[in-house]
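One structure is given below, encoded as C-alpha cells.
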Amino acid sequence: MNLKPETLRRIDEVITHYPVKRSAVLMLLHAIQEDIGHLPPEAVQWVAAKLELQPINVQEVVTFYPMFRQHPIGRRHIKVCRTLSCALRGAYGTCATFEKEFSTKRGEVSPDGEVTIEFVECLASCGTAPIVMIDDELHENVDPAAARGLSDGIKAEAARRG
Amino acid sequence: MPAPAERRIIFRHIDEPGYSRDLACYQRNGGYTTLRKALAMAPAAIIDEVKKSGLRGRGGAGFGCGLKWSLVDRKSGKPIYLVVNADESEPGTFKDRYIIHQDPHQLIEGIMISCWANNVKQAYIYIRGEFPHGARILEEAIAEARAAGLVGPNILGSGYGCEIYVHRGAGAYICGEETGLIESLEGKRPYPRIKPPYFPAVLGLYQCPTIVNNVETLCHVKYIVEVGGEAFAQIGTPNNTGTRILCVSGHVQRPGYYEYEVGRITLGQLLHEVCGGPLPGRKFKAVIPGGSSAKILRWGESFTLKNKDGSSRTLAVEDLPMDFDTMAACGTMGGSGGVIVMDDSVNMVEALANINAFYAHESCGQCTPCREGSLWMKRITSRMVHGDARAEDGALLRSVADQIAGRTICAFGEACSWPTQSFVAKFGDEFTAYPAAKRAPRPEGAAELA
Ligand SMILES: Cc1cc2nc3c(=O)[nH]c(=O)nc-3n(C[C@H](O)[C@H](O)[C@H](O)COP(=O)(O)O)c2cc1C
Ligand code: SF4
Ligand code: FES
C-alpha cells in the first residue's frame, strides 16, 4: 500500500486525538479510502498494525458502515438519496435518469468506468429535495433535467481527459 | 389568526448577506463574549441557569438539558467527556447542517461554555460521514479558535483548558443513537448499549461519565448564558421553552427551515402561511411532525386534549401548536423537528414501503425483534407495491410492528415500528384497498413512490 505523505501525516496526527488508539479506526479508514479510492485487505491489515488491533476489529468496522467500500468504484461516485422526502419529490426518476445517461444500473460501475451510481439514505438536506451527492459535492433540487445537466458535465470532463 | 413572525435566534445569521463563517466575522457580531462571561461564572451557576431555562434537547427525545447535566457522575474521579451529536440522520431533519456550514463558531462557543460548566477537558464532535465539508469547516474553525486562545490550554487566560476534536461517522443511521454513537467513537460497530447500566452520564465514552447533546441544543445553551435562564424561559410556552428550528419537506410550496418560539405556531399556520400551502391542485393528506420515526398525523383528524384544570379541549390537526407536549399528547412526537408533508397524490402503502426500506437498511442487527421485524415489514410493503398485496397485509404489518416496540435494546425498535403502527391505524382503508387496486407490478427495485 502506497499512501501519500500527506495521508500519513494526517493519520499520525489524528491518532493523538484519542486516549485509546482504537478510537481512530474510522478516521484512518476515511483517510486511506480518500487516498486510494477503496479499502483493500492490505488497508485493513495496515490499520490493525498501526493501531495495535486484530485485523477482525478493523474488518468488522469496514463491513458495517455503508460509506466504506472494499472494491474500486467508477471515477465519480453518484449518490442519489431515496428516502421519503426525496422520493416524494421524484428521486426515483432522478436515479433512473442517471442510470440511462451512463447505461448502467445502480450498484455497478458504468461500462466506461466513469461512474458508480448508488441509492443512499437521507442526506439531511430534505428541504431542497431531490438530493444527490457526487463525490463530496452536494447537489440540490436535482430533477431529471438537472440530472442530465450533471451527467453532461461528467461526460464533458471525461472527453477532455481523452 | 395570522402566523406569528419567525424569531431567529440560533439561525440569526444563516443566509445573511455578507455574513461569513470565519472567526473575525463571528467576533464582529459579538461572538465569544458569552464565553468570556461564562468563564467568570461558577460552573454550578451555569448549570443552574440551564435548569431555569427549561431547555429541552433538540436531538429527538426532548429530554431536559439541565436535568441531563445534573445526572452526570462527578464523584468518580474519572474525566468527564462532552460529545456533540452532529449525526443529523433522522430523515426529514436538516438544521444542524446549516449551523455547521454557516456559523460553526456559534457551536464551538456553545461547546466551550458547556464544557466549562461541566468540568470537561475533552470534547468530541461526532459528525455524520456524509458531511465531508462540514467536518473540514469545523476543523478549520476549531484551529482558528485555538490560535485565538478560545479553545485549548488556558482559555482566555482563565487557566481552564479544553480541547475539541472532530470525529467522522461513515453512513450508519444508528450512530445518531447516543450509546451507538459512543461505541462508534470508540472505533467499533455502533451497537447501542443496554441501559442500565450504560447510562452515558455514568458509564459513557471509555466507561467515563459523558454528556451527549445535539448541535442545536448546545447553541441554545450559549444563548441561555447570554440572556439568563429566566429570560429564556419566557420565550416559547411553559415546559416548551425557547425557539426551535422546524424543517419542512415534501409536498408544500416553500419547504425549508423556519425558527419559531416553541408552541407559538400551529401546524396549519406553518404549512399554509409559512410554507405556502399544498402544491397547485393538491390537498394535504398526512404529516409526520418530528422526523420519519414519529407517528403520522392524518389531515382532517382531531384530538381531544386534557387541560391543566381537568377540563378538555378538542383541536383539529391544523390547530395543534408545534410543541413537545402537544405532539406527545396526540400520540406522536416533536422529535427532531423534521416535518414531512404528503398530499393527496401519495398512496400510503407506497410511502410506508419507502420508510420501511430505510429502517430495514439501518437496523444494527443486535436484537432479533428489530433485525427480523424491520426486514419483515419491509418485505411485506415491498411485496405489496410489487403487485402481490393481500387483504390481510395491514393486520400482518401491525402484528409484526407490535412485537418489536418495547422489546429491544435501543429506541430504534420504537422508531421502526411507529411508522407502520400509525400508517395502518390511520390509513387502514388504503391497506385494505391496495390488493383490489391491482396495481401493475413495478420493475424490481424501482418501486416505492417512483
Ligand atoms: C435511532 C436513533 C437515532 C437518533 N439520531 C439522532 C441524530 O441524528 N441526532 C441527534 O442529535 N440525536 C439523535 N438521536 C437522539 C440521541 O440518542 C440523543 O437523545 C440526543 O443526541 C441527545 O441530545 P439532546 O438532549 O441535546 O437532544 C437518535 C436517537 C435514536 C434512538
Ligand atoms: S433496537 Fe435495533 S438498532 Fe437498536 S440495538 Fe436493537 S437491533 Fe440495534
Ligand atoms: S430524504 Fe433525501 S435528503 Fe433527506
Scanning the stretch B:408-417 for residues that are away from ligand 3 (no atom under 16 Å from the Cβ) and within 14 Å of chain A (Cβ to nearest Cβ), which turns out surrounded by the fewest Cβ atoms within 10 Å (Cβ to Cβ)? B:Phe412
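Kindly provide the set of residues from the stretch B:92-111 that are within 14 Å of another protein chain (Cβ to nearest Cβ), away from ligand 1 (no atom under 15 Å from the Cβ) and either farther than 22 Å from A:Ser85 by Cα or crowded, with 24+ Cβ neighbours inside 10 Å (or both), ordered by number. I'd like the intermediate steps shown before the answer.
From the stretch B:92-111, those within 14 Å of another protein chain (Cβ to nearest Cβ) are B:92-102; that's our starting set.
Cutting the leftovers down to away from ligand 1 (no atom under 15 Å from the Cβ) gives us B:101-102.
B:Gln102 - this is the single residue of the stretch B:92-111 that is within 14 Å of another protein chain (Cβ to nearest Cβ), away from ligand 1 (no atom under 15 Å from the Cβ) and either farther than 22 Å from A:Ser85 by Cα or crowded, with 24+ Cβ neighbours inside 10 Å (or both).
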Give me the residue from the stretch B:266-294 that is crowded, with 22+ Cβ neighbours inside 10 Å and part of a loop (DSSP other than H, G, I, E, B) and, out of that set, nearest to the other protein chains (Cβ to nearest Cβ). B:Ser292
Within the stretch A:115-145, work out how many residues are aliphatic (A, V, I, L, M) and without any contact (Cβ under 8 Å) to a residue 24 or more places away in the chain. 3
From A:Asp136, A:Asp152, A:Asp112, which residue is outside the structural domain of A:Thr16 (by TED's automatic domain parsing), surrounded by fewer than 19 Cβ atoms within 10 Å (Cβ to Cβ), at pLDDT below 95 and not small (Gly, Ala, Ser)? A:Asp112
Please enumerate the residues belonging to the stretch B:60-86 that are in a helix (DSSP H, G or I), of a type in the set (Ser, Thr, Tyr) and buried (at least 21 other Cβ atoms within 10 Å of the Cβ). none
Kindly indicate whether B:Ala148 is within 17 Å of B:Asp96 (Cα to Cα), more than 16 Å from ligand 1 (Cβ to nearest atom) and more than 19 Å from the chain's Cα centre (by Cα). no
Quick one: would you say B:Glu372 is outside any loop (DSSP other than H, G, I, E, B), more than 16 Å from ligand 2 (Cβ to nearest atom) and surrounded by fewer than 20 Cβ atoms within 10 Å (Cβ to Cβ)? no
Yes or no: the stretch B:326-344 includes at least one residue that is crowded, with 24+ Cβ neighbours inside 10 Å and on the phi > 0 side of the Ramachandran plot. yes
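Only residues that are part of a helix (DSSP H, G or I) and under 21 Å from the mean Cα position of the chain (by Cα): list them for the stretch B:380-420, please. Let's see the steps before the verdict.
From the stretch B:380-420, those part of a helix (DSSP H, G or I) are B:380-385, B:393-402, B:412-420; that's our starting set.
Within the stretch B:380-420, B:Phe412, B:Gly413, B:Glu414, B:Ala415, B:Cys416, B:Ser417, B:Trp418, B:Pro419, B:Thr420 meet the criteria.
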Filter the stretch B:185-205 down to the residues that are among the small types (Gly, Ala, Ser) and crowded, with 23+ Cβ neighbours inside 10 Å, then identify the one that is farthest from the other protein chains (Cβ to nearest Cβ). B:Gly204
Would you call B:Arg97 on the phi < 0 side of the Ramachandran plot, of a type in the set (Lys, Arg) and either within 15 Å of the chain's Cα centre (by Cα) or within 16 Å of ligand 2 (Cβ to nearest atom) (or both)? yes
List the strands (runs of 3 or more DSSP E) that sit entirely inside the stretch A:52-161 and contain at least 2 residues that are at the interface with chain B (Cβ under 9 Å from one of its Cβ atoms), out of contact with any helix residue (DSSP H, G or I) (no Cβ under 7 Å at 6 or more places or on another chain) and polar (S, T, N, Q). none
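One line per residue, one yes/no per condition, for (1) closer than 30 Å to B:Leu181 by Cβ; (2) touching a Gly at 6+ places or on another chain (Cβ under 6 Å); (3) within 16 Å of ligand 2 (Cβ to nearest atom); (4) not charged (D, E, K, R):
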{"residue": "A:Phe68", "(1), (2), (3), (4)": "yes, no, no, yes"}
{"residue": "A:Ile78", "(1), (2), (3), (4)": "yes, no, no, yes"}
{"residue": "A:Cys81", "(1), (2), (3), (4)": "yes, no, no, yes"}
{"residue": "A:Gly90", "(1), (2), (3), (4)": "no, no, no, yes"}
{"residue": "A:Ala96", "(1), (2), (3), (4)": "no, no, no, yes"}
{"residue": "A:Ser103", "(1), (2), (3), (4)": "no, no, no, yes"}
{"residue": "A:Glu108", "(1), (2), (3), (4)": "no, no, no, no"}
{"residue": "A:Ile117", "(1), (2), (3), (4)": "yes, no, no, yes"}
Which of (1) part of a helix (DSSP H, G or I); (2) within 20 Å of the chain's Cα centre (by Cα) does A:Val14 not meet, given it meets every other one? (2)
Out of B:Ser114, B:Ser89, which single residue is closer than 17 Å to B:Ile164 by Cα, within 16 Å of ligand 1 (Cβ to nearest atom) and not in a strand (DSSP E or B)? B:Ser114
May I ask you to list the residues in the stretch B:213-256 that are touching a Gly at 6+ places or on another chain (Cβ under 7 Å), part of a loop (DSSP other than H, G, I, E, B) and closer than 16 Å to B:Met322 by Cα? B:Ile235, B:Asn239, B:Gly242
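The values are calculated or read from the model by the stated rules, or taken from the named source; none is laboratory data. Only a predicted model underlies this, so the values are computations on that prediction, with no experimental measurement involved. Backbone-built Cβ (ideal geometry, glycine too); neighbour counts: all protein chains shown.
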